[in-house]
Amino acid sequence: MAPTIVFVPGLRDHVADHWQTLLAAELPGSRTVPPLTENGLSLAARVAALEATLAQVEGPVILVAHSAGVMIVVHWAQLATGKAASREIAGALLATPPDIASALPAGYPTLEALDDGGWRPIPRARLPFPSLVAVSSNDPLAARERAVGMARDWGSEIVDLGEVGHLNPASGFGPWPKGRELIASLTQAADVASATAPSENS
């Protein structure tokens, strides 16, 4: 069974010209974690929304997260236990994770608000599924070395994107063809892993 792509947006939720929104429209059968109507800065509510979306999907999943969506995924992976954390996740594309250990630029939540919402500290445990972390060299929300450090702790493969800002519409993305390529590579790897895995009857 081909993996279902599940998009995990950041705190901006649905943005019409965001690359996640555009790719979701291009990929038949994909799902997007819906925006919250209340408690938008509650990490627990965000994790619950991801869990509810995954519960509606049968078979393997590839998660595609951006910005705070990356933090939602890594918190979910830490909070879920055993089979729930890895049973259906064939891979994850984690794009430009923010460094919420440090103060974010004006217009983003304060550290106090993030603490109140339960976002900190950043989980650093190894993820129980394959992952790619797409890193920007000039992200205003995370210095490159901080993003690379998170990726290494999570056991992720690092994809260096160069100077792409925060990979959002304010940085010119919009369409992001590289994202589709990375999703395709995760899908191909998942297909290979599924084909070579021993069957339950073997």
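The values are calculated or read from the model by the stated rules, or taken from the named source; none is laboratory data. Nothing here was measured: the structure is a model prediction, and the numbers come from that model. As a convention, Cβ positions derive from the backbone with ideal geometry for all residues, glycine included, and neighbour counts pool all protein chains shown. In case anyone asks, the SASA skips ligands and DNA or RNA and just uses the protein heavy atoms, side chains included. Shrake-Rupley method; radii C 1.70, N 1.55, O 1.52, S 1.80 Å.
Remarks
- Residue within region 119-126 that is more than 26 Å from GLY165 (Cβ to Cβ), part of a helix (DSSP H, G or I) and basic (Lys, Arg) present: no
- Screening the candidates ALA55, ALA77 for the property of being among the small types (Gly, Ala, Ser), within 26 Å of ALA195 (Cα to Cα) and in contact (Cβ under 8 Å) with a residue 40 or more places away in the chain yields one hit, ALA77.
- Filter pass, ALA142 being more than 17 Å from the chain's Cα centre (by Cα), modelled with pLDDT of 95 or more, assigned to a loop (DSSP other than H, G, I, E, B) and not charged (D, E, K, R): no
- Selection count where residues are within 16 Å of ALA92 (Cα to Cα) and of a type in the set (Ser, Thr, Tyr), scope region 27-56: 3
- Applying the criterion of being closer than 22 Å to LEU79 by Cβ and over 20 Å from the mean Cα position of the chain (by Cα) to the residues of region 104-114, the residue that is most open to solvent (accessible area, probe 1.4 Å) is LEU111.
- Selection within region 54-73 - β-branched (Val, Ile, Thr) and part of a helix (DSSP H, G or I): VAL70, ILE72, VAL73
- Matching option when the condition is among the hydrophobic types (A, V, I, L, M, F, W, C) and open to solvent by 20 Å² or more (accessible area, probe 1.4 Å), among ALA77, ALA95, ALA101, ALA49: ALA101
- Across region 57-74, the qualifying residues are those that are of a type in the set (Val, Ile, Thr) and open to solvent by less than 10 Å² (accessible area, probe 1.4 Å), and the one among them that is farthest from GLY91 (Cα to Cα) is ILE72.
- Filtered by the rule that a residue be at pLDDT 95 or above and not in a helix (DSSP H, G or I), region 176-202 gives a lone residue, TRP176.
- Which numbered condition ALA25 misses (of (1) in contact (Cβ under 8 Å) with a residue 12 or more places away in the chain; (2) open to solvent by 10 Å² or more (accessible area, probe 1.4 Å); (3) aliphatic (A, V, I, L, M)): (1)
- Looking only at residues of region 28-46 that are in contact (Cβ under 8 Å) with a residue 24 or more places away in the chain, surrounded by 15 or more Cβ atoms within 10 Å (Cβ to Cβ) and not small (Gly, Ala, Ser), we find that the one that is farthest from GLY174 (Cα to Cα) is LEU43.
- Count of residues meeting criterion [surrounded by fewer than 15 Cβ atoms within 10 Å (Cβ to Cβ) and not basic (Lys, Arg)] in region 122-136: 1
- Region 19-53, subset under 16 Å from ILE183 (Cα atoms) and in a loop (DSSP other than H, G, I, E, B), residue modelled with the lowest pLDDT: PRO28
- Any chance LEU132 is in a strand (DSSP E or B) and under 23 Å from ALA80 (Cα atoms): yes
- Some residue of region 163-174 being among the aliphatic types (A, V, I, L, M), in contact with a Pro (Cβ under 9 Å, 6 or more places away or on another chain), surrounded by 21 or more Cβ atoms within 10 Å (Cβ to Cβ) and part of a loop (DSSP other than H, G, I, E, B): no
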